[in-house]
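Reading through the structure tokens given below for one structure.
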Amino acid sequence: MTTVQPNSSNKIISTPIPKLIVSLAIPSTISMLVSTFYQLTDTFFISYLGTTATAAVSINHTLEQSITMLGTFLCVGASSYIARNLGSGNKEKASQTLSSAFFSGFIFGVILMALGLLFLDPLVAFLGATTELHSYCKDYAQYVLLAAPFMIANFVTNKCLYSEGNMVYAMIGMGLGAIINIGLDPLFIFVFQLGIKGASLATAISKLVSFIVLLMPYLRRRTALRIGLHLCSFSKDIVNEIVRIGSPSLLRTALTNAAAILLNNLASNYSPAILAGIASSNRVMMLFGTIISGLGQGYQPVVGQNWGAKRFDRVRSSYWFTSFTSAITMSVFGFFLFLFAEKIMFLFAGAELNAEMIHSGVLLIRSQSIVLPIHAWVIILTMGYNSTGKALGSAILALSRQGICYIPMLLLLPHLFGADGLVLAQAAADVLSMVLAVPLMISFLRDIDKHDQSTVEVSSR
């Protein structure tokens with residue numbers, strides 16, 4: 001395969017916006033859809049082990065999110081700074097940023113792996129495992145923890161490939177790992193009769209494969225950037241940019257995890273069937289969140305590199321195109337989700353066909369399908385703030401959906417509507433997040449206009 005760079009920066013600041021964003025988004029969306037599809041198939045196969053096993057997977061999904069929290073922190077901060085440096089032509093600084101984030105992430109993963117395995121029993125109890133779920137959760141968590149260093153490193157390499165416009169390698173790396181996971185799931189769970197432990201082992205192997213594949217382009221020098229210990233540079237500007245831009249995502253994922261742990265514990269108080277219904281339907285909704293994120297992955301390097309190149313007119317056009325496209329696409333998907341919610345849930349009900357599980361899942365899918373366009377718009381706005389280095393606005397938006405709005409809804413709505421209130425909490429949070437996002441959108445567009453006008457004035461002198 002030939003090198004995608006060195007002309008991708010020129011392409012990103014000159015190609016027509018719709019064509020550019022779509023061409024960058026398609027590979028990332030495909031790889032992310034494959035990854036999300038593996039999680040759906042994981043849930044599908046595990047559902048035949050019973051609702052208790054399905055509920056346990058939900059708790060361990062929170063563990064996976066907690067591990068990747070550091071990966072998100074590093075990759076978001078690093079990729080934003082990398083894109084801006086590529087836009088301004090500073091490839092050396094971009095490579096130093098990537099290397100620093102990559103090796104830091106791997107070391108953090110080793111530490112998390114060791115601590116998690118050492119304190120496994122209290123860990124799964126903290127995540128929401130009841131006595132009934134405890135053994136299932138331990139079986140699944142062991143292999144997930146062993147894969148922790150690779151999971152974090154994958155986030156960094158994958159996101160940084162996106163930041164230099166190298167979407168095909170990122171697609172292959174994440175997609176191949178997911179395909180291997182899909183193939184190994186039924187083999188380990190049913191043929192080798194490993195049960196839920198087999199699903200976890202399949203996940204760990206897939207993460208290792210993705211790690212190797214995502215690292216190969218850098219080792220073979222097929223990218224604009226380089227990874228190496230000699231390139232690690234914890235200079236003030238690199239550390240500051242990673243921390244400043246990555247912190248909002250760290251806070252968002254931390255709050256997401258805190259909300260997920262709270263949700264697990266609250267749902268477990270009702271029944272494993274309620275938790276299983278929420279877990280299965282959330283996996284379905286992740287599929288459509290992935291489409292939003294995939295479009296955003298095509299949008300972010302365009303915004304970041306054009307911001308670095310002072311092409312603020314293209315930054316504005318990118319925002320409007322991506323916002324409208326994502327909102328309209330999610331409106332269409334939301335319509336069909338609402339109609340077929342019950343049929344979808346029957347796919348994940350396993351042999352038990354638990355009525356309580358199906359009811360909770362259908363209610364969650366239908367409520368969230370209504371607010372999908374809002375969710376899409378807020379995500380794109382958040383990515384715009386990230387890509388232009390605006391940490392405060394990014395932090396507010398990142399915290400709004402899962403923290404400022406969601407956790408209060410989790411605590412309030414069950415008191416009013418019981419288990420149904422728990423299921424409806426996310427949709428209610430999405431509506432509230434829109435209220436916070438509107439003034440931030442106005443501020444974002446005004447700032448683009450201000451920079452654009454300054455650039456025009458300087459050019460005219």
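The values are calculated or read from the model by the stated rules, or taken from the named source; none is laboratory data. If you're wondering where the values come from, they're calculated on a predicted model, not measured in any experiment. Note: ideal-geometry Cβ built from the backbone for every residue, glycine included; neighbour counts use all protein chains shown. For accessibility, only protein heavy atoms count, side chains too; no ligands or nucleic acids. Shrake-Rupley method; radii C 1.70, N 1.55, O 1.52, S 1.80 Å.
For region 1-144, carbon and sulfur atoms together expose 67% of the accessible surface, with a 1.4 angstrom probe and every protein chain in place. Positive end of the dipole of region 293-418 (Cβ unit charges, origin at the Cα centre): among G403, F348, G389, the Cα lying farthest that way belongs to G389.
Lys and Arg at +1, Asp and Glu at -1: add these up for the other residues within a Cβ distance under 14 Å of I189 and post the number. Summing Lys/Arg as +1 and Asp/Glu as -1 gives -2. For the chain, the relative contact order comes to 24 percent (Cα pairs under 8 Å, sequence separation of at least 6).
Overall shape: prolate for region 87-161, with the ratio a/c of the largest to smallest alpha carbon gyration tensor axis at 1.5 or above and a/b above b/c. Shape analysis of region 2-147 places it in the oblate category; the axes a ≥ b ≥ c from the Cα gyration tensor give an a/c of at least 1.5, with a/b not above b/c.
Once you reduce region 415-432 and region 7-86 to the center of their Cα atoms, the two points are 26 Å from each other. Modelled this way, with points 7 Å down the Cα-to-C-beta line, the labels at L347 and L445 are 3.7 nm from one another. What helices in the chain pass both tests, a Cα length along the helix axis of 27 Å or more and a mean Kyte hydropathy of 0.0 or higher, using whole DSSP H runs? TM-like helix candidates: 17-47, 51-87, 91-118, 167-186, 196-219, 236-270, 272-308, 312-339, 419-460. The packing ranking, built from the mean of other Cβ atoms within 10 Å per residue, places the peptides 183-195, 393-405 in the order 393-405, 183-195, highest first.
Applying the criteria of a DSSP loop state and at most 13 other Cβ atoms within 10 Å to the GluC sites (Glu not before Pro) of region 37-146 yields E132.
Size descriptors for the chain (Cα atoms only): Rg and Dmax, in that order, 21.5, 74 Å. Choose one of M434, V144, S249: the residue whose Cα lies farthest towards the positive end of the charge dipole of the chain (beta-carbon charges +1 Lys, Arg; -1 Asp, Glu; about the Cα centre). Farthest along the dipole direction, towards plus: S249. Counting every alpha-carbon pair across region 184-247, the share separated by more than 14 Å comes to 72%.
For a straight C-alpha distance cut-off of 23 angstrom, the lysines reachable from K197 (same-chain residues fewer than eight places away being disregarded) are K138, K207.
The residues of region 254-366 expose on average 36 square angstrom of accessible surface per residue, using a 1.4 Å probe on protein heavy atoms. Only protein atoms count toward the accessible area here, which uses a 1.4 Å probe; on region 319-461, the carbon and sulfur part of that area reaches 72 percent. Report summary: the helix-based calculation at 222 nm, which adds -39500 (n - 2.57) for every DSSP H run with n ≥ 4 and divides by the residues of the chain, gives -29000 deg cm²/dmol. P(r) tail, region 253-405: Cα-Cα pairs separated by more than 27 Å, 33% of all pairs.
Note on region 215-340: Kirkwood radius taken over Cα pairs, Stokes-Einstein applied at 20 °C and 1.002 mPa s, translational D equal to 114 µm² s⁻¹. If you take the Cα centroid of region 295-326 and the Cα centroid of region 111-149, the two points sit 40 Å apart.
Calculate the FRET efficiency for T455 and V110 from the Cβ-Cβ distance with a Förster distance of 51 Å, rounded to the nearest 0.05. Efficiency computed from Cβ-Cβ geometry: 0.65.
Taking the Cα centre of the chain as reference, the dipole from Cβ charges on Lys and Arg (+1) and Asp and Glu (-1) amounts to some 1600 debye. Summarising the label geometry, the points placed 7 Å from Cα in the beta-carbon direction at H415 and N269 lie 1.1 nm from one another.
Put simply, the convex hull of the Cα atoms in region 287-367 casts, on average, a shadow of 6.2 nm². Measuring spread by the Cα atoms of region 373-461 yields a radius of gyration and Dmax of 17.3, 66 Å.
Once the Cα-Cα distance is subtracted from the 0.36 nm per residue extended length, the I179 to D237 segment shows a gain of 17.0 nm. Of K11/K310; K11/K91; K19/K91; K236/K450; K91/K236, which ones are farther than 23 Å apart at the Cα? Too far apart for the 23 Å limit: K19/K91; K236/K450.
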